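A.B. asks: Here it is: the structure, laid out below.
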Amino acid sequence: MLRFSTAGESHGESLVALISGLPAGVPVDQEFLDHELWRRQQGYGRGGRMRIERDTAHILSGVRHGKTIGSPVAMTLANRDWKNWEEILPVGEGDAEKHKAVASPRPGHADLAGALKYDFKDARYILERASARESAARVACGAVAKLLLRALGIEVASHVIRVGSAELSREASFAEIAALAQREEVLLACVDPESEARMKAEVDNALRTGDTIGGVFEVVVHGLPPGVGTHVNWDERIDGLLAQAVMSLQAVKAVELGRGVTAAQSPGSKVHDAIAYEAEPVPEDAGKFTRFTREHNNAGGIEGGISNGEDLVVRGYLKPISTLRRPLASVSFETRETTKAAYERSDVCVVPAAGVAAEAMVALTVARLVIEKFGGDSLRELHRNFSSYCEQIRAF
Ligand SMILES: Cc1cc2nc3c(=O)[nH]c(=O)nc-3n(C[C@H](O)[C@H](O)[C@H](O)COP(=O)(O)O)c2cc1C
């Protein structure tokens, strides 16, 4: 089974990423991993930290001569800021005078609930792990999952469809969305320049007023055959697994599959994707899996917890960043008096970066299900099983 886990804190020495259950023979391209990490650090509205960090995945195990060898892949991602925190957050006892307390919990963060739960008199140790810095380790694992999927012709990409009240005003093709990953400047990762300018104005307004802003990203998986995930058990449904994977990202407060939200307001005749059948057999290189076709994809590529061969479409709704330059009211842990919530250097808008982290979570989820369905200890074996299944459904 494909599994991954992360360790590390926001201002600790480094993040740790561990992914196991990969077949042998998956090409691992260091440049690709680092480019994915770079993408997570970009976007208009990021804070000062992104200027001092330039993440790179240091691979310790599981990859030799550029390919996986079947053993767990362990990676570290150094926190470049560590030198400034080494004495503030030492592993050993250190000097208590140097501790940098977070003295008043920030609404919207884990600060208060975490301090109560773990019995800390300030929120420092809570925010260190609750911070979305952790998502960098997920992106490193997700990049490896993406390379596995790519070897089977499956691609994962994301774009931003809303920032505050500014919305993408047209449909986007998968090619357009995938091309965003090659941009030299990410800005707001929107395929339409006019919509992106409106999104940028929303961020500018938040910057000007000391506020923050959320939005919606969309992750699309292209090239996934029908039949991944299953209706037979609740915890094996691909929709449920994707929802958990994306919802687990920091600041994501709702997940939508396909047109899930508008579907709830529309009659069935306008929602469900009618089925047609092509007269001609499907050639192997046609980029289609079966002769059954759909005119649209409101279902977002999933019916009954099973992929249906259309593009998988997963949206994540992001609350605005919780750390405000003009902080909300809070209470001092020490005096119990009303005060302002703590402020620490912070992002103002992270929708494109959250999209990149969600690509990783979606890739890891899909890769897990693909490995479960097709099996194989080497990429060659997995590929053979995958191709044989594709041939079977083409001939259906
Ligand atoms: C990529 C990314 C970067 C983030 N950067 C910040 C930040 O700089 N400051 C902040 O207060 N919250 C930031 N957040 C949001 C917090 O992590 C989030 O609000 C916090 O974890 C509480 O949300 P939760 O209840 O969903 O965990 C970021 C989120 C993401 C996905």
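Read-outs: derived from the displayed coordinates by stated rules, not from any lab. Computed from a predicted structure; not experimentally measured. Note that each Cβ is placed from the backbone with ideal geometry, even for glycine, and that neighbours are counted across all protein chains shown.
A.B. asks: Taking square-rooted eigenvalues a ≥ b ≥ c of the alpha carbon gyration tensor, is segment 231-370 rounded, prolate or oblate, where a/c under 1.5 means rounded and, failing that, a/b exceeding b/c means prolate? Before the final figure, lay out each step's value.
C.D. replies: Details: a/c = 2.98, a/b = 2.59, b/c = 1.15.
Prolate shape, in that a/c is at least 1.5 and a/b is the bigger ratio.
A.B. asks: Once you've got the Cα coordinates, tell me which of Lys121/Lys319; Lys83/Lys121; Lys98/Lys121; Lys270/Lys319; Lys146/Lys253 are over 20 Å apart.
C.D. replies: Beyond 20 Å between Cα atoms: Lys121/Lys319; Lys83/Lys121; Lys270/Lys319; Lys146/Lys253.
A.B. asks: Right, here's the next one. Show me 163-172, 260-269 ranked by packing, highest mean number of other Cβ atoms within 10 Å first.
C.D. replies: 163-172, 260-269
A.B. asks: Here is a further query. Report, by chain and number, residues whose modeled amide H sits under 5 Å from the one on Gly300, excluding near sequence neighbours (fewer than 5 apart, same chain).
C.D. replies: Sorted by chain and number, the residues that satisfy this are Arg259.
A.B. asks: Once phi is turned into ³J(HN,Hα) by the Karplus curve 6.51 cos²θ - 1.76 cosθ + 1.60 with θ = phi - 60°, what whole-Hz value does each residue of segment 306-319 show in order, with x for glycine and proline?
C.D. replies: With the stated coefficients, segment 306-319 comes to 10, 5, 10, x, 7, 4, 7, 10, 10, 10, x, 9, 9, 6 Hz.
A.B. asks: Sorted from fewest to most neighbouring beta carbons within 10 Å, what does the list His383, His296, His159 look like?
C.D. replies: Arranged by neighbour count, lowest to highest, His383, His296, His159 become His296, His383, His159.
A.B. asks: Can you tell me how segment 122-275 classifies by the Cα gyration tensor, rounded, prolate or oblate, using a/c under 1.5 as the rounded cut?
C.D. replies: The shape class here is rounded.
A.B. asks: So, one more: Sort 100-112, 231-243, 384-396 for me by packing, meaning the mean count of neighbouring Cβ atoms within 10 Å per residue, highest on top. It would help to have the intermediate numbers written out before the result.
C.D. replies: On the way: 100-112: 19.5, 231-243: 15.9, 384-396: 13.9.
Order by mean packing, descending: 100-112, 231-243, 384-396.
A.B. asks: Only Lys, Arg, Asp and Glu count, each charged at its Cβ (+1, +1, -1, -1), so figure out the dipole size of segment 3-394 about its Cα centre, rounded to 20 debye.
C.D. replies: I would put it at about 540 debye.
A.B. asks: If each residue's Cβ is checked for other Cβ atoms within 10 Å, how do Arg259, Arg40 rank with the fewest at the top?
C.D. replies: Fewest to most other Cβ atoms nearby, the residues stand as Arg259, Arg40.
A.B. asks: With a 10 Å Cβ neighbour count serving as the proxy for reagent exposure, in which order, fewest first, do Thr293, Thr338 appear?
C.D. replies: Thr338, Thr293
A.B. asks: Would segment 1-51 count as rounded, prolate or oblate if I go by the C-alpha gyration tensor, calling it rounded below 1.5 in a/c and otherwise prolate when a/b exceeds b/c, oblate otherwise?
C.D. replies: Judged from the Cα gyration tensor, segment 1-51 comes out oblate (a/c at least 1.5, b/c at or above a/b).
A.B. asks: With θ set to phi - 60° and the Karplus curve 6.51 cos²θ - 1.76 cosθ + 1.60, what are the ³J(HN,Hα) couplings of segment 284-290 in order, to the nearest whole Hz, using x for Gly and Pro?
C.D. replies: Those phi angles translate into 4, 9, 7, x, 10, 9, 9 Hz.
A.B. asks: Rounded to the nearest 500, what is the 222 nm mean residue ellipticity of the chain from helices alone, with -39500 (n - 2.57) per DSSP H run of 4+ residues and division by all residues?
C.D. replies: It lands at -10000 deg cm²/dmol.
A.B. asks: A further question on this structure: With point charges of +1 on the Cβ of Lys and Arg and -1 on the Cβ of Asp and Glu, referenced to the Cα centre of the chain, which listed residue (Pro193, Val26, Thr338) lies farthest in the positive direction of the dipole?
C.D. replies: Positive-most Cα among the choices belongs to Thr338.
A.B. asks: Extension gain Ile69-Thr262, at 0.36 nm per residue separation less the Cα-Cα distance, in nm? Don't jump to the answer; show the numbers that get you there.
C.D. replies: Values: separation 193, 0.36 × 193 = 69.48 nm, distance 4.51 nm.
Between Ile69 and Thr262, full extension yields 65.0 nm more.
A.B. asks: Continuing with the same structure: Please identify the chymotrypsin sites (Phe, Trp or Tyr not before Pro) of segment 108-142 that satisfy two criteria: DSSP loop assignment and at most 16 other Cβ atoms within 10 Å. Which are they? Can you show the working numbers first?
C.D. replies: On the way: sites: Tyr118, Phe120, Tyr125; in loops: Phe120.
Qualifying residues, ordered by number: Phe120.
A.B. asks: Something else: Give the distance, in whole Å, between the Cα centre of segment 76-92 and the Cα centre of segment 323-352.
C.D. replies: 23 Å
A.B. asks: Could you run the Debye sum over the Cα atoms of the chain, one equal point scatterer each and no solvent, and tell me log10 of I(q)/I(0) at q = 0.12, 0.14 Å⁻¹, two decimals?
C.D. replies: With one equal scatterer per Cα and no solvent, log10 I(q)/I(0) is -0.99, -1.28.
A.B. asks: To continue, here is another question. Label points 7 Å out from Cα along the Cβ direction at Ala175 and Asp377: separation in nm?
C.D. replies: My value for the distance between the label points is 4.2 nm.
A.B. asks: To check you understand DSSP bridge types, tell me what percent of the beta bridges within the chain (both residues inside) are antiparallel, rounded to 5.
C.D. replies: Looking only at bridges with both residues in the chain, the antiparallel portion is about 100 percent.
A.B. asks: By how many nm would the segment from Glu31 to Lys340 lengthen if fully extended, with 0.36 nm per residue of separation less the alpha-carbon distance?
C.D. replies: 106.9 nm
A.B. asks: Cut-off 10 angstrom, C-alpha nodes, Gaussian network model of the chain. Which of Ala329, Ala57, Ala157 fluctuates the most?
C.D. replies: Comparing Ala329, Ala57, Ala157 in a Gaussian network model of the chain, the most mobile one is Ala329.
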